[in-house]
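A.B. asks: Okay, here's the structure, questions in a sec.
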Amino acid sequence: MLETSELRRTFTSDAVDYEVLKGIDLRIERGESVAIVGKSGSGKSTLMHLLACLDRPTSGRISFEGREYLSLSEKERDRLRNEKFGFVFQQFFLNGRDTVYENVVLPMRIRGAADKDLRPKAMAALESVGLGDKHAKRAKDLSGGEKQRVCIARALVGGPDVIFADEPTGNLDSKTSRTIEELMLTLNRDKGITVVIVTHDEDLAAKCGRTINLKDGMVVDELGEDDEAGEAGEQI
């Protein structure tokens, strides 16, 4: 579904080049739940931004369902993000003065969806995250956990194939974090949505089907469910 080959990303600051990603080869299959982990500065968020078509690589190839990102026009890239991807970030990026409903339907409005199609899709997305009764509340009046659930509903409303989440529980307490984690992984299991999560949370990473560990811009380890089961057996 998602594939990279020799993916590199270099940033320049004060005339000095910093190579953040150093030749990443990666495949993510449809329906996987994947955690991208590593210390701060390892390149986790940069890799996710490239996978999500939010940034362009310095060199190398990256594709979604066989279509190379660099071959797409800007309009095609915008359509890909809007129609195929959903996004959940550590910062909520909600308009606090707007209602929950208006925040959730924003991607569909950008898509040009008819008003008659908005309400059923938005309410279905809100019901799936347990916020159907909050649709008329202003976003600023919600708790942190409720705001993140609104973000997940907004990511879901367009029927994405992939949800990209960058530290989705980073601003939440432990109890609320567990609720958000379970919600995202349930969407993966029940709806078959591919989930790619950047996280420092080892517990969250362990719940994903595969963990990709980055260090200094390179993949240093990959651990899948079969590997985890084997390690558990050895410990027993």
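The values are calculated or read from the model by the stated rules, or taken from the named source; none is laboratory data. All of these numbers come straight from a predicted model, not from anything done at the bench. When we count neighbours, we look across all protein chains shown, and the Cβ atoms used for this are built from the backbone with ideal geometry, even at glycine.
A.B. asks: Which residue out of 203, 141, 173, 133 is of a type outside the set (A, V, I, L, M), closer than 22 Å to residue 91 by Cα and at pLDDT 95 or above?
C.D. replies: On the way: 203 fails: at pLDDT 95 or above; 173 fails: at pLDDT 95 or above; 133 fails: closer than 22 Å to residue 91 by Cα.
Unique residue meeting the criteria: 141.
A.B. asks: Quickly run through the range 48-60 and pick out the residues that are over 22 Å from residue 83 (Cβ atoms) and outside any loop (DSSP other than H, G, I, E, B).
C.D. replies: 59, 60
A.B. asks: Here's another thing I want to ask about it. Scan the range 113-137 residue by residue and report those that are assigned to a helix (DSSP H, G or I) and either surrounded by 15 or more Cβ atoms within 10 Å (Cβ to Cβ) or of a type in the set (A, V, I, L, M, F, W, C) (or both).
C.D. replies: If we filter the range 113-137 for residues that are assigned to a helix (DSSP H, G or I), which is where we start, we get 115-128, 132-134.
Passing the criteria: 118, 121, 122, 123, 124, 125, 126, 128, 132, 134.
A.B. asks: Name the residues in the range 77-106 that are of a type outside the set (Phe, Trp, Tyr), modelled with pLDDT under 95, part of a loop (DSSP other than H, G, I, E, B) and crowded, with 16+ Cβ neighbours inside 10 Å, would you?
C.D. replies: Of everything in the range 77-106, just one residue is of a type outside the set (Phe, Trp, Tyr), modelled with pLDDT under 95, part of a loop (DSSP other than H, G, I, E, B) and crowded, with 16+ Cβ neighbours inside 10 Å, namely 90.
A.B. asks: Moving to a separate point now. What pairs come up if the first residue lies in the range 45-62 and is on the phi < 0 side of the Ramachandran plot and touching a residue at least 40 places away in the same chain (Cβ under 8 Å), the second is among the aromatic types (Phe, Trp, Tyr) and not in a strand (DSSP E or B), and their beta carbons are under 7 Å apart, counting only those six or more places apart or on different chains?
C.D. replies: 62/69
A.B. asks: Then there's this: Based on this model, can you work out whether residue 40 counts as more than 15 Å from the chain's Cα centre (by Cα) and under 18 Å from residue 89 (Cβ atoms)? Give the steps one after another, and end with the answer.
C.D. replies: Details: more than 15 Å from the chain's Cα centre (by Cα): yes; under 18 Å from residue 89 (Cβ atoms): yes.
Yes, satisfied.
A.B. asks: Being within 25 Å of residue 106 (Cβ to Cβ), modelled with pLDDT under 95 and under 13 Å from the mean Cα position of the chain (by Cα) is true for just one of 183, 187. Which residue is that? Talk me through it step by step, then tell me what you get.
C.D. replies: Working: 183 fails: under 13 Å from the mean Cα position of the chain (by Cα).
On inspection, the qualifying residue turns out to be 187.
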